[in-house]
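Taking it in order: structure first as structure tokens, then the write-up.
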Amino acid sequence: MSTRLAVTVTAAATALAMAGSVTSAAGAPPPEPKAPRAFVALSSVDPTILQEMRYLRPHNFVGEPVDGYRQPVCILTRPAAEALHRAQAGLLRQGYSLKVYDCYRPQRAVDHFVRWAKDLGDERRKAEFYPRVEKSRLFEDGYIAEKSGHSRGSTMDVTLVRLPALPAPRPRPGQESVPCYAPRAERYPDNSVDMGTGFDCFDTLSHTDDPRVQGVQRANRDLLRSALTAQGFVNLPEEWWHFTHKPELFPDTYFDFPVAHRSIAGRRP
């Protein structure tokens, strides 16, 4: 083989190899984004806080696992997690524990909520979660939005559990059709204290200071709010369970890394 031919063959082989490499790389899924180092697993800061990550399972207002939730782990910015830890310390002395339903929420999960809300034919969970609200009004009434403070990492949905914490009883047939504002013994079971409605109840009774909520239910809401506001949290008035730690580390950034241990791998305790 002549020197010129050898050079030509070598160049062609190199070009083919490079083309194959580019094709392979183009066909591979892009790597998942990871959380900034300011994010931690709540359990690494306070393992005593109970976790029931509702959007990982089908029992939620969408009726199916929500996009972006891979593992049952509460992820928060470190200041928010440390503030929850301080609130938990005080509540434990009173015989209660915090329990989180949702923490950091990826943008892809919010997008899932938006797609669901626009599908007016999907009312699988209306009887439980929004029996008195027309689905066509979920955006207008503020129950669904295209951006969520949860995606910034300092917001969580939280409740109280009386200690010793007992597992929630298994739901009875038909309880998924009982309105979320029904008496506690009738609605879908939860081991939390009675707050007057269940979590994610799209109803004005979920407003933290709704005057119809009195007695033990009012006392439970006030206890949760006072314990958290003392540590820098601000409650969303329309949702007794929704709190944001202030000031936020990322007040203008909406993240989209998945809810999974690998998103925060390597973080210090």
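With each label modelled as a point 7 angstrom along the Cα→C-beta vector, the ARG184-LYS118 pair spans 4.0 nm. Per-peptide packing, taken as the mean over residues of other Cβ atoms within 10 Å, places 193-199, 217-223 in the sequence 193-199, 217-223 from highest down.
Annotation for the range 24-81 versus the range 147-212: alpha-carbon center distance of 20 Å. The peptide list 164-177, 38-51, put in order of mean Cβ contacts within 10 Å with the highest first, becomes 38-51, 164-177.
Rounded to whole numbers, the Karplus 3J(HN,Hα) couplings from phi for the range 67-78 are 3, x, 9, 9, 9, x, 10, 8, 10, 9, 5, 4 Hz, using 6.51 cos²θ - 1.76 cosθ + 1.60 with θ = phi - 60°, and x at Gly and Pro.
Rounded to the nearest 10 degrees, the angle from helix 3-27 to the longest Cα principal axis of the chain is 10 degrees.
Given that just one value was derived from the coordinates, which of (1) 15.3; (2) 20.0; (3) 22.2 is mean projected area of the Cα convex hull in nm²? Evaluating mean projected area of the Cα convex hull in nm² on these atoms matches (2).
Here LEU163 and THR204 are evaluated by their C-beta separation; at R0 = 30 Å the FRET efficiency comes out at 0.45. Dipole magnitude for the chain: computed about the Cα centre from +1 point charges on Lys and Arg Cβ and -1 point charges on Asp and Glu Cβ, it is near 840 debye.
Computed from the coordinates by the stated procedures, all read-outs in this text should not be read as laboratory data. Everything numeric here is computed off the predicted structure, so don't read it as measured data. Cβ sites come from the backbone with ideal geometry, for glycine too, and all protein chains shown count toward neighbours.
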